[in-house]
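Structure, as structure tokens:
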Amino acid sequence: MAEIRVFPLSCAVQNYSWGKLGLESEVAKLLSSGDPLVQIQPDRPYAELWMGAHPRGDAIIRDNRIPQKTLGQWIADNPVCLGTKVKDTFQGQLPFLFKVLSVDTALSIQAHPNKELAAKLHAQFPEHYPDANHKPEMAIALTPFEGLCGFRPVEEIVSFLQNVPELRALIGEVAVEQLERSGSDDPRGVSAALRVCFTRLMKSEKKFFVDQLNMLVKRISQEEEGKDTSGSNGELLLRLHSQYPGDIGCFTIYFLNLVKLEPGEAMFLGANEPHAYLRGDCVECMACSDNTVRAGLTPKFIDVLTLCEMLNYTPAPSSSKIFPAVQSQLDPNVYVYDPPVPDFAIMRIEIPASIKLYLISAIDSASILLVIQGTAVGTSTAAASEMSLCRGSVLFISANESISLHLSSPDGMLLFRACCLL
Ligand SMILES: [Zn+2]
């Protein structure tokens, strides 16, 4: 029998408290569809599905002819499967972690350090920064998805500072006026003024900001029914405050863009970009790392000084945060999201109903394939036998191996494939 280099995976679930409950969660839906033996508990959060070889969630190999139990063990014994370039560049490790997220309540306000800062933070505070790697991330919406990302254009921030006196009080008149006076012909002056305002907000004293937040919440809640509170971003403020009462992170909605993604739209989070996922389901891919600097909307360790120091204070409109997918010139059914980092790329594969036989092409990188919609029988010279694929199936594909899909669903298929395009 030929060596098996393409095989199905059972993936690890993380039941973090911010996840959607039971079958509300896309993670739970994919799990139960992919494996009918999985029991979904209606009152349990299903936050993340981890498709990769991370030690805290190494995928289980679903092929008992393979002696290794997990993907991480198998890759350690078969590093050639990564592809020569990937193997050499990333020291024999799969460089990315592929995930599905189902977000019910907001995740923390955070940013991820670049490689240089990650190495420094890890050396100084290994208990909070567990490795020396950077952690660029990309999220692609599966359902309408909302997040905070990057600093808003200054006009929007200034307008909130004028409409929300509680926010203005926290920052102080001198810093606010400096931001109001900063002109668009001086981007460095704008960034400097923005840094001062945001840092003053995040470092304000607990009693002071809790009081101001309570006043603001009270004021917005008492507005007449039906009155427009968009000038103070009222709806979002009340929602975040109900999730994280008394948390300084609630005020960051006045500084950061609210980005709304439709299914298939993506946002890329490079180093030092402030962000928070608010709600919705997405696929996510990231470099293998746990380095996150948090500053609000979380009960976890927060490091306000480091966060305020490291951030990219370049204002830009919300629309600029949507990362474009490019249709492949080789295959019009493939859209590639290729961020400006070497660690990963994602392909969205939309097979129309008219196609009954489709080739998942060989690439010079190990990849992980997730079926979101549709059914097919997959065959490969590198697989032990036919693989029946349905919503929720996850396959590992070694570099330079292909799979033929014999489609059996009438509506085509939707697949996501994470890989490394060096
Ligand atoms: Zn993040």
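The rows are residues; the columns are (1) out of contact with any Asp or Glu (no Cβ under 6 Å at 6 or more places or on another chain); (2) of a type in the set (Gly, Ala, Ser); (3) within 17 Å of residue 14 (Cβ to Cβ).
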| position | (1), (2), (3) |
| --- | --- |
| 26 | no, no, yes |
| 29 | yes, no, yes |
| 32 | yes, yes, yes |
| 45 | yes, no, yes |
| 51 | yes, no, yes |
| 57 | yes, yes, yes |
| 60 | yes, no, yes |
| 63 | yes, no, no |
| 70 | no, no, yes |
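The listed residues are 314, 252, and the only one of them that is outside any helix (DSSP H, G or I), under 19 Å from residue 161 (Cβ atoms) and modelled with pLDDT of 95 or more turns out to be 314. All told, residue 19 meets the bar of being touching a Pro at 6+ places or on another chain (Cβ under 6 Å), touching a residue at least 24 places away in the same chain (Cβ under 8 Å) and of a type outside the set (A, V, I, L, M, F, W, C). A search for C-beta distances below 9 Å between a residue of the stretch 117-129 that is without any contact (Cβ under 8 Å) to a residue 60 or more places away in the chain and any residue that is open to solvent by 70 Å² or more (accessible area, probe 1.4 Å) and of a type in the set (Phe, Trp, Tyr), counting only pairs 6+ apart in sequence or on different chains, returns 127/301. Return yes or no: is residue 62 out of contact with any helix residue (DSSP H, G or I) (no Cβ under 6 Å at 6 or more places or on another chain), open to solvent by 80 Å² or more (accessible area, probe 1.4 Å), among the charged types (D, E, K, R) and without any contact (Cβ under 8 Å) to a residue 40 or more places away in the chain? For residue 62, the condition - out of contact with any helix residue (DSSP H, G or I) (no Cβ under 6 Å at 6 or more places or on another chain), open to solvent by 80 Å² or more (accessible area, probe 1.4 Å), among the charged types (D, E, K, R) and without any contact (Cβ under 8 Å) to a residue 40 or more places away in the chain - is not met. Candidates in the stretch 212-234 are the residues that are loosely packed, with under 11 Cβ neighbours inside 10 Å and among the acidic types (Asp, Glu); of these, the one that is farthest from residue 104 (Cα to Cα) is 224.
If you filter the stretch 299-329 down to residues that are closer than 28 Å to residue 89 by Cβ and more than 17 Å from the chain's Cα centre (by Cα), you find that the one that is most open to solvent (accessible area, probe 1.4 Å) is 329.
Condition check ((1) at pLDDT 95 or above; (2) assigned to a loop (DSSP other than H, G, I, E, B); (3) polar (S, T, N, Q); (4) surrounded by fewer than 21 Cβ atoms within 10 Å (Cβ to Cβ)) across all residues:
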site: 4; (1), (2), (3), (4): yes, yes, no, yes
site: 9; (1), (2), (3), (4): yes, no, no, no
site: 23; (1), (2), (3), (4): yes, no, no, yes
site: 38; (1), (2), (3), (4): no, yes, no, yes
site: 53; (1), (2), (3), (4): yes, yes, no, no
site: 58; (1), (2), (3), (4): yes, yes, no, yes
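Every test in (1) within 16 Å of the ligand (Cβ to nearest atom); (2) under 25 Å from residue 338 (Cα atoms); (3) among the small types (Gly, Ala, Ser) is passed by residue 132 save one, and that test is (1). Going residue by residue through the stretch 227-249, is there one that turns out to be at pLDDT 95 or above, more than 16 Å from the ligand (Cβ to nearest atom) and touching a His at 6+ places or on another chain (Cβ under 7 Å)? Scanning the stretch 227-249 turns up no residue that is at pLDDT 95 or above, more than 16 Å from the ligand (Cβ to nearest atom) and touching a His at 6+ places or on another chain (Cβ under 7 Å). Applying the criterion of being more than 18 Å from residue 45 (Cα to Cα) and open to solvent by 10 Å² or more (accessible area, probe 1.4 Å) to the residues of the stretch 268-288, the residue that is nearest to the ligand (Cβ to nearest atom) is 273.
The values are calculated or read from the model by the stated rules, or taken from the named source; none is laboratory data. Only a predicted model underlies this, so the values are computations on that prediction, with no experimental measurement involved. Reconstructed Cβ throughout: ideal geometry from the backbone, glycine too, with neighbour counts over all protein chains shown. Heads up: the accessible areas ignore ligands, DNA and RNA and are worked out on the full protein's heavy atoms, side chains in. Shrake-Rupley method; radii C 1.70, N 1.55, O 1.52, S 1.80 Å.
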